[in-house]
Amino acid sequence: MLKRKMRYIYRIISLVYSRMAKLCYSFVSLPPLRINIMLTKKCNSHCHFCYVKDRLNTTESDSLSEEEWGKIIDRIPRASVVVISGGEPFLSPVIYRLIEEFSRRKIMASVTTNGTVFSEKQLELLVDNKLTYLMFSLDGMGDYHNNTRGHKDAFQKVMNSIEVIEKIKKEKNSRFPILAFKVCILEDNYDEIPKLLKLAEQKVSHVSFSLLVNNVLQHGFVFVDSLEDPLLVEGNTHSYSRECLENIKSVIEYIMNFKKTSDIEISISPSSYCKSLLDSNFRVTPGKCSIPWSEFSLYYDGTVTPCITYNCGNIRNMDYDVNKVLKSPRYRKFLSYYEKQMPGARPCEACIQS
């Protein structure tokens, strides 16, 4: 119950804070509420549906060093929340140092992982440093998940990691990390979802569902340097086949009904928006949004962007100070452009945060 309250309270704070940050932007510099860290392009999965797969495991030039990450973390406000993803973030050589630093500063941090690259010692480090949230990406049960991920034992490795973490948490009388499943609704995994939900009730505190999208400007490791770039009007290019739409609508209804009686938290981003996307072949007009005024993304090489990957410069040129990002000249330029596009900003099409 406490874990569910934590997420509910954060969602309310996030909504209020982002709107306040937008209203006050011209005369008050508020610190970022959330920082999304895209820590690496390395990944050991081979998901056929991944829209960034062509850019994974390519050269990572000019990556931030441990010392540079230390400077950045020292400047993150205590009230900010950090969300780490990749690629597979636990393939980054600096990931455990970052987690230790977040613990030292008492900063809430979440990491999304495929759960296949841990040793028991590394899992113990996550518990010892009280990582707030650990999300395991799952596509289905057993063989289905293994085939989708291109690993014969991917599912079992996730289950083993969860078992070891829970054992260590019990030994150390710790509540952290809170464990969750992150599930993408694919064209052929809707039969897996009821089984995943039953598994989740035994293993984790939260399940997060999202629809499949293909929008390269939403954390896709593709950056635009000009507000005239054609990618800014491309939007989402994925749509489900007509043959599977009714099945997916049915599974969304199933998720929402399951949620009514379940003791774990179940979220879908959000259900009404999901149905609208399906009904309109993913061409829903995005509404007004204040998220870019309160959060940004930071990449492995220091590049900073809003949630849409417009290149706003490098954190190195901002003295490693995350509090300078939202007021930097290029970020201001983007916000001015973005506000004029709302409602209906095409880069926001199919955004799971909407």
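So, in region 315-354, of the ones that are of a type in the set (A, V, I, L, M) and outside any helix (DSSP H, G or I), which residue ends up surrounded by the fewest Cβ atoms within 10 Å (Cβ to Cβ)? Spell out the reasoning first.
First, the residues of region 315-354 that are of a type in the set (A, V, I, L, M): 315, 318, 322, 325-326, 335, 342, 345, 350, 352.
Going one step further and asking which of them are outside any helix (DSSP H, G or I), we end up with 342, 345, 350, 352.
On the way: Met342: 13, Ala345: 23, Ala350: 25, Ile352: 17.
It comes out as Met342.
I'd like the full set of residues that are in a loop (DSSP other than H, G, I, E, B), surrounded by fewer than 19 Cβ atoms within 10 Å (Cβ to Cβ) and on the phi < 0 side of the Ramachandran plot, limited to region 81-106.
Pass one, region 81-106, residues in a loop (DSSP other than H, G, I, E, B): 86-88, 92-94, 106.
Filter once more, so that each one left must be surrounded by fewer than 19 Cβ atoms within 10 Å (Cβ to Cβ): 93, 106.
Matches in region 81-106: Pro93 only.
Picking from Ile193, Ile168, which residue would you name as being open to solvent by less than 30 Å² (accessible area, probe 1.4 Å), in contact with a strand residue (DSSP E or B) (Cβ under 8 Å, 6 or more places away or on another chain) and not aromatic (Phe, Trp, Tyr)? Break it down into steps so the answer makes sense when it comes.
On the way: Ile168 fails: in contact with a strand residue (DSSP E or B) (Cβ under 8 Å, 6 or more places away or on another chain).
None of the other options fit; the residue is Ile193.
From the set of residues in region 18-56 that are in a loop (DSSP other than H, G, I, E, B) and free of Cβ contacts under 8 Å to residues at least 24 places away in the same chain, which is surrounded by the most Cβ atoms within 10 Å (Cβ to Cβ)? Before you say what the answer is, go through the steps one by one.
Looking only at region 18-56, we keep the residues that are in a loop (DSSP other than H, G, I, E, B), and these are 25-33, 39-52, 56.
Narrowing further to those that are free of Cβ contacts under 8 Å to residues at least 24 places away in the same chain: 26-28, 50.
Values: Ser26: 7, Phe27: 6, Val28: 9, Cys50: 16.
Restricting to residues being in a loop (DSSP other than H, G, I, E, B) and free of Cβ contacts under 8 Å to residues at least 24 places away in the same chain, the top hit is Cys50.
Report, by residue number, each residue of region 107-129 that is aliphatic (A, V, I, L, M), in contact with a strand residue (DSSP E or B) (Cβ under 7 Å, 6 or more places away or on another chain) and either part of a loop (DSSP other than H, G, I, E, B) or open to solvent by 10 Å² or more (accessible area, probe 1.4 Å) (or both). Walk me through it before giving the result.
Taking region 107-129 as the starting set, the residues that turn out to be aliphatic (A, V, I, L, M) are 107-109, 111, 117, 123, 125-127.
So of that shortlist, the ones also in contact with a strand residue (DSSP E or B) (Cβ under 7 Å, 6 or more places away or on another chain) come out as 107-109, 111, 126.
Within region 107-129, Ile107, Met108 qualify.
Looking only at region 205-229, count how many residues are more than 14 Å from the chain's Cα centre (by Cα), of a type in the set (S, T, N, Q) and more than 12 Å from Cys50 (Cβ to Cβ).
The qualifying residues number 3.
Inspect all residues belonging to region 213-221 and state whether any of them is buried (at least 19 other Cβ atoms within 10 Å of the Cβ), in a helix (DSSP H, G or I) and in contact (Cβ under 8 Å) with a residue 60 or more places away in the chain.
No, region 213-221 contains no residue that is buried (at least 19 other Cβ atoms within 10 Å of the Cβ), in a helix (DSSP H, G or I) and in contact (Cβ under 8 Å) with a residue 60 or more places away in the chain.
The values are calculated or read from the model by the stated rules, or taken from the named source; none is laboratory data. Keep in mind the model is a prediction, meaning the values are calculated, not measured. Backbone-built Cβ (ideal geometry, glycine too); neighbour counts: all protein chains shown. The protein model used for the area step is the full one, side chains on, heavy atoms only, and it has no ligands, DNA or RNA in it. Shrake-Rupley method; radii C 1.70, N 1.55, O 1.52, S 1.80 Å.
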